[in-house]
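Shown next, in structure tokens, is the structure this report addresses.
The values are calculated or read from the model by the stated rules, or taken from the named source; none is laboratory data. The shown structure was predicted, so the numbers you read here are calculated from the model rather than taken from an experiment. Please note: Cβ atoms are built from the backbone with ideal geometry, for glycine as well, and neighbour counts cover all protein chains shown. Accessible surface is based on the protein model in full, side chains and every heavy atom, while ligands, DNA and RNA are left aside. Shrake-Rupley method; radii C 1.70, N 1.55, O 1.52, S 1.80 Å.
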Amino acid sequence: MRKYFAVAVLVAFAAGNQPHKTREEMNITRATLNNGLRVVIVRDPLAPVVTVEENYLAGADEAPAGFPGMAHAQEHMVFRGCASLTGDQIAAIDAQLGGFTNADTQQNITQYFNTIPAEYLDLALRVDAACMRDVEDSQVEWAKERGAIKQEVASDLSDPTEKFIERLNEDLFAGTPYAHDALGSQSSFDATTAAMLKDFYKKWYAPNNAILVITGDVDPDSTIKRVNQLYGSIPRRRLARRPEVRLQPVRAESFSMQSDLPYQLVFVAYRTPGSDSRDYAAALVLSDVLASERGNLFGLVTTNDALDTLFELEETYPMASASVALAAIPSGANPSAMISKLKEVIAGYLAQGLPADLVEAAKRKQLAAAEFERNSIPGLAANWSEAVAAQGRNSPDEDIDAILKVTTDDVNRVARTYLLNQNAIVAVLAPAPSGQPVPANGFGGAEQLTSAPSKPVPLPNWAELALKSLSVPKAGVHPADVTLANGIRLIVQTETISPTITLVGNIRCEEKLETPPGKDGVGSILEQLFSYGTKNLDRLAFEKALDDIGANESAGPGFSLRVLKRYFDRGAQLLADNELNPALPRDAFQVVKQQATQLAAGNLTSPEHRTRRALELAVLPKGDPELREVTPQTISRVTLNDVKAYYAKTYRPDLTTIVIIGDVTFREAKATVEKYFGAWKSEGPKPNVSLPPVPPNGPAAVHVPDPGRIQDDVTLAEELGLHRLHPDYYAVELGNHVLGGGFYATRLYHDLRQVAGLVYDVDDSLTATNTRAGYTVTYASDPANVSKARALIQRDLIAMQKENVTPEELRQAKALLLRQIPLAESSSDAIGAALMQRAETGLPLDEQILAGQRYFELTADQVRAAFSKWIRPADFVQVIRGPAPH
């Protein structure tokens, strides 16, 4: 997907070790250490949070011939131990920081990023510097990690869109490093040794081949000094020679692949300019123009030729990128006809030229998106890393400056140069319906296994001293909260980081309860019809009005608006017009109804639907409202009058919450909402929108065949019998963070991935509403390892019931939850989503602090008692999607 790289900030330049700011208000600080490490600090006081992102300028491009995943494997191995730090210590430090830690490998960069409370920046820098100084790369650790990374490859080989991208790269970039996916292959990992990994590390992991980006609430001057102390003594290295990228002419190709989706995907792909090209900015604008809902490509949806369409830059490399025109069509439709239509749309634009007003609209949206990127601390780190490391820019501003200079002539020239149908790669992903779900074996005989508590991980003194004390953080947001005269609850949080405003709204409705019998699907049809304009503006006029102010808007039971501050009034007016006065035209209703019927038909035979349906039937009692199902037959019964009646019944201000966050005062926000939403009235009594409680389920096991997968996706789930407002929720959630949430430092990851290498991911989650709660563990593994992984999960769950967690584990779980509280406020979107979730669940808006106090006070006895009471390992429903497990 296209990324917006720009941030509207002023840039200060520095040379040598000492930063220099030319003006006091500048929030960008740069330095280059004597060993060549470049440092960029972007100060953003949105929250007491910091993101550290280390960018090594080496990736899949630099991998040895025959070993395309070498850089990816080395990325994994960094977490297995660095200079003076074991893998267990790294995991324990990250967990106790509550950090959001991860890494990724691309074609020309490898990135390590960590978002943590700002007060612990020094710890994150110490760990990162240790890994730049040296890594362990032992054969013993690689033997364990090899299993996990092969499971990651198996996951991608089971994903049809990932397989398409891999094949597309082979065709568009044949004979270059870009032709090989950075992920790697299972066969190459079998041949990889720890010595080879260490050799790769020595060639490329050097301060003079890295750019350290730090964003957030930091003091730049003291941070630069500390970086120099920690990194300055790491010696520079002589770098290996980089491979050349020599692009060959693209040869037209056509292929088809099996898919597990409920519809066909038709692609027409082109090789387009890379980020090093002077034409790259025009290519970004061109992509937006072709994706416009006022354009001819989206017109295929409104004429019922396609279920949906898209145009996007799918892959971007320095020398070239891949641009894709995409259409989703019903499973039984003729893909050849759609291929022709996609090509006709492109050829038509080449002949007639791109509309100048769409070019200007695309530029406005890019500029607006640049302002919104400032509202996220981790997003800033990602954008600056992309710009300065992956693309070699001085700052993200360079892309915006280039976009500002793009003309319609530039866009037309780039389109006519690169979007050549005679050189296009054409592909079809065609559904291969799964077999019917069949009963399968359950847990078997592992119920009595228990595990010894994990041994404490001794930390270095500097980490132990910094992390030993725990406290409940103070609230970082203080929203205004009021109920308007018509019943709308309005919550406003003022943030002045950027001149932007985000509005999110939600109408509490429950389609499974409020849909008339036999007419399931009426709500989803209504949602699709909101895109067809209002009673005041038809579809095209409404989209143009949004384009004129560079806004993004959506209507429905969940509605939203992202708009620059100066256009907030107009944006709110358009949103209210769409939400309160939808056109619901009859001709559009017929189109949407037919598309919904076709999608439902494909969905019923898809592996994803059958998996979800099997799970629902097993965990929910007969007759539960959630078991209602949308089918072609139920949709066929829906009339336009049904849609209008459903709208009148369910869209009510007294069931609506609006959260506004951004550069706006409470008074301004309230006045605007009252101006445009104040006349909205409710009629009749409030409908019931809460699903009834459900009893705990019994055990079951189901296998859903999926011919496109080589790996099994496994879900273990059960209904608990409690709810979000129950006091035991907190003890279960705390225990859940003993099991997971902290990578190798928590039990499930430690047992299933770090030690056994059976999985790449294992996730445990407690999801709760005000009437229901479910507990789920998910993982993916080779069919031969499904039962082995399942037995370890079973063992760990039973241990939680029979033995108190250790003091070290309890403290770590508390640290993880408490220190994540400020991290949840590291972006405006996250703040808005959290406020909405609390309001909709009936929780206080400062629930995160109240919950923190509860976690802080909980004991190991209470955690064990809660797991013993609510978690029932013998009653899990197990649903496996993929090959038959061994």
Q.
For region 339-360, check the following and say yes or no: at least one residue is out of contact with any Cys (no Cβ under 8 Å at 6 or more places or on another chain), more than 26 Å from residue 543 (Cα to Cα) and surrounded by fewer than 18 Cβ atoms within 10 Å (Cβ to Cβ).
A. yes
Q: Give region 682-695 a look and list any residue that's loosely packed, with under 11 Cβ neighbours inside 10 Å and not acidic (Asp, Glu), or say none.
A: 684, 685, 688, 695
Q: Output the residues belonging to region 743-761 that are under 21 Å from residue 89 (Cβ atoms) and not small (Gly, Ala, Ser).
A: 743, 744, 746, 747, 748, 749, 750, 751, 752, 753, 754, 755
Q. If residue 328 satisfies every condition in (1) open to solvent by less than 40 Å² (accessible area, probe 1.4 Å); (2) closer than 24 Å to residue 548 by Cα; (3) of a type outside the set (Phe, Trp, Tyr) but one, which is the exception?
A. (2)
Q) If a residue has to be under 25 Å from residue 458 (Cβ atoms), in contact with a Pro (Cβ under 9 Å, 6 or more places away or on another chain) and either free of Cβ contacts under 8 Å to residues at least 12 places away in the same chain or open to solvent by 10 Å² or more (accessible area, probe 1.4 Å) (or both) to count, how many in region 101-125 make the cut? A) 1
Q | Residue within region 818-826 that is over 19 Å from residue 734 (Cβ atoms), in a loop (DSSP other than H, G, I, E, B) and open to solvent by less than 40 Å² (accessible area, probe 1.4 Å) present | A | yes
Q: Specify the residue that is most open to solvent (accessible area, probe 1.4 Å); the eligible residues are those in region 397-420 that are farther than 16 Å from residue 365 by Cα and not in a helix (DSSP H, G or I).
A: 420
Q.
Could you list, ordered by first residue, the pairs with Cβ atoms under 9 Å in which the first is in region 359-377 and without any contact (Cβ under 8 Å) to a residue 60 or more places away in the chain and among the acidic types (Asp, Glu) and the second is open to solvent by 20 Å² or more (accessible area, probe 1.4 Å) and part of a helix (DSSP H, G or I), at least 6 apart or interchain?
A. 360/408
(Q) When you scan region 853-860, do you find a residue that is β-branched (Val, Ile, Thr), surrounded by fewer than 18 Cβ atoms within 10 Å (Cβ to Cβ) and not in a loop (DSSP other than H, G, I, E, B), even just one? (A) no
(Q) What's the total number of residues in region 863-884 that are in contact with a helix residue (DSSP H, G or I) (Cβ under 8 Å, 6 or more places away or on another chain) and surrounded by 20 or more Cβ atoms within 10 Å (Cβ to Cβ)? (A) 12
**Q.** Selection status of residue 597, of a type in the set (Ser, Thr, Tyr) and open to solvent by less than 20 Å² (accessible area, probe 1.4 Å)
**A.** no
Q.
Would you confirm whether or not region 48-59 contains a residue that is among the hydrophobic types (A, V, I, L, M, F, W, C) and closer than 22 Å to residue 196 by Cα?
A. yes
Q.
Tell me which helices (runs of 4 or more DSSP H) are completely within region 137-239 and hold 2 or more residues being farther than 26 Å from residue 429 by Cβ and open to solvent by 40 Å² or more (accessible area, probe 1.4 Å), or say none if there are none.
A. 139-157, 186-191, 194-204, 220-231
Q) Considering 699, 707, 687, which residue is under 30 Å from residue 614 (Cα atoms), modelled with pLDDT under 95 and in contact with a strand residue (DSSP E or B) (Cβ under 8 Å, 6 or more places away or on another chain)? A) 707
**Q.** Identity of the residue in region 240-260, more than 15 Å from residue 165 (Cα to Cα) and in contact with an Asp or Glu (Cβ under 8 Å, 6 or more places away or on another chain), that ends up most open to solvent (accessible area, probe 1.4 Å)
**A.** 251
Q) How many residues does region 531-575 hold that are farther than 21 Å from residue 675 by Cα and not in a loop (DSSP other than H, G, I, E, B)? A) 9
